[in-house]
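Engineer: Sharing a structure with you now.
All of the numbers you see were taken from the coordinates with simple rules; none came from a lab. The structure displayed is predicted, hence computed values, not measured ones. Don't worry about glycine lacking a Cβ; one is built from the backbone with ideal geometry, like all the others, and counts go over all protein chains shown.
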């Protein structure tokens, strides 16, 4: 006989997508636009360049499609962490997006001030995480995203299709891992939103 516990275990392991294809497409477009505009701050302030030309305000043609692919990858990385993250609201998703965009813009405007920018981004990240009840999952995912994202960018820059002005860590600036950490809460919120209602939510309701 199958009891409630075993049913919940199956639910936890089930891959579920609670959003419609249209909602997912709009979310992907929004994330791609946010990243592409953020990259414009890097281009316009001389933080990054595209040696083979940039037809779109200095950006190469593949930047936006590349960010779309990266967004899907970020969701994939965040997927196992979603059950341990508090279910977001539209307000919290918007706040996470605003924090990340502001951080991205700052990394363009202040990108040449490595020590100050790195300290600022890391301090703000600690402030944000300290206020969360799900901070353990956020910390682990932030560190993982920082490592994976930085290594991915090093590999990309090694091809010569793009180049940072500063190369503090192999081919990327020292503040880059912390910028990825600033984006981690947004990636988690979007992934949690995609998965929708989860058994962990029902257990909280049951406890209440």
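Engineer: For the chain, modelled as a Gaussian network with Cα springs under 10 Å, which listed residue fluctuates most, 57, 67, 101?
Structural biologist: 57
Engineer: Could you calculate the FRET efficiency of residue 133 with residue 102 from 1/(1 + (r/R0)^6), where r is the beta carbon distance between them and R0 is 35 Å, rounded to 0.05?
Structural biologist: So, using R0 = 35 Å, E works out to roughly 0.90.
Engineer: For n ≥ 4 DSSP H runs only, could you compute -39500 (n - 2.57) per run for the chain, divide by its residues and tell me the 222 nm figure to the nearest 500? Working shown, then result.
Structural biologist: Working: 8 runs with 140 residues, N = 208.
Value at 222 nm, helices only: -22500 deg cm²/dmol.
Engineer: A further question on this structure: Residues of region 84-126 with the amide nitrogen closer than 14 Å to a label point 7 Å from the Cα of residue 24, along Cα-to-Cβ, please.
Structural biologist: The answer is none, because no backbone nitrogen lies closer than 14 Å to the label point.
Engineer: Please compute the length gained on full extension between residue 84 and residue 174, using 0.36 nm multiplied by the number of residues separating them and subtracting their Cα-Cα distance.
Structural biologist: 29.4 nm
Engineer: Could you state the angle between the C-alpha long axis of helix 90-109 and the longest principal axis of the C-alpha atoms of the chain, as a value from 0 to 90 degrees rounded to the nearest 10?
Structural biologist: The angle comes out near 20 degrees.
Engineer: Contour minus end-to-end for residue 109 and residue 94, with contour as 0.36 nm per residue of separation and end-to-end as the Cα-Cα distance?
Structural biologist: Details: separation 15, 0.36 × 15 = 5.40 nm, distance 2.23 nm.
Net length gain for the segment: 3.2 nm.
Engineer: Follow-up. What do you get for the angle between helix 135-158 and the principal long axis of the chain? Use alpha-carbon atoms, 0 to 90 degrees, nearest ten.
Structural biologist: For helix 135-158, the angle is close to 40 degrees.
Engineer: Under the rule a/c < 1.5 gives rounded, and otherwise a/b versus b/c splits prolate from oblate, where does region 25-139 land using the Cα gyration tensor? Don't jump to the answer; show the numbers that get you there.
Structural biologist: Working: a/c = 2.38, a/b = 1.37, b/c = 1.74.
Oblate shape, in that a/c is at least 1.5 and b/c is the bigger or equal ratio.
Engineer: Using only the Cα atoms of the chain, what semi-axes does the equivalent ellipsoid have when each is the square root of 5 times a gyration tensor eigenvalue? Give whole Å, largest first.
Structural biologist: Over the Cα atoms of the chain, the ellipsoid semi-axes are 34, 19, 15 Å.
Engineer: Treating the angle as unsigned and between 0 and 90°, give the value, to the nearest 10°, between the Cα long axis of helix 114-130 and the longest Cα principal axis of the chain.
Structural biologist: Between helix and principal axis, roughly 10 degrees.
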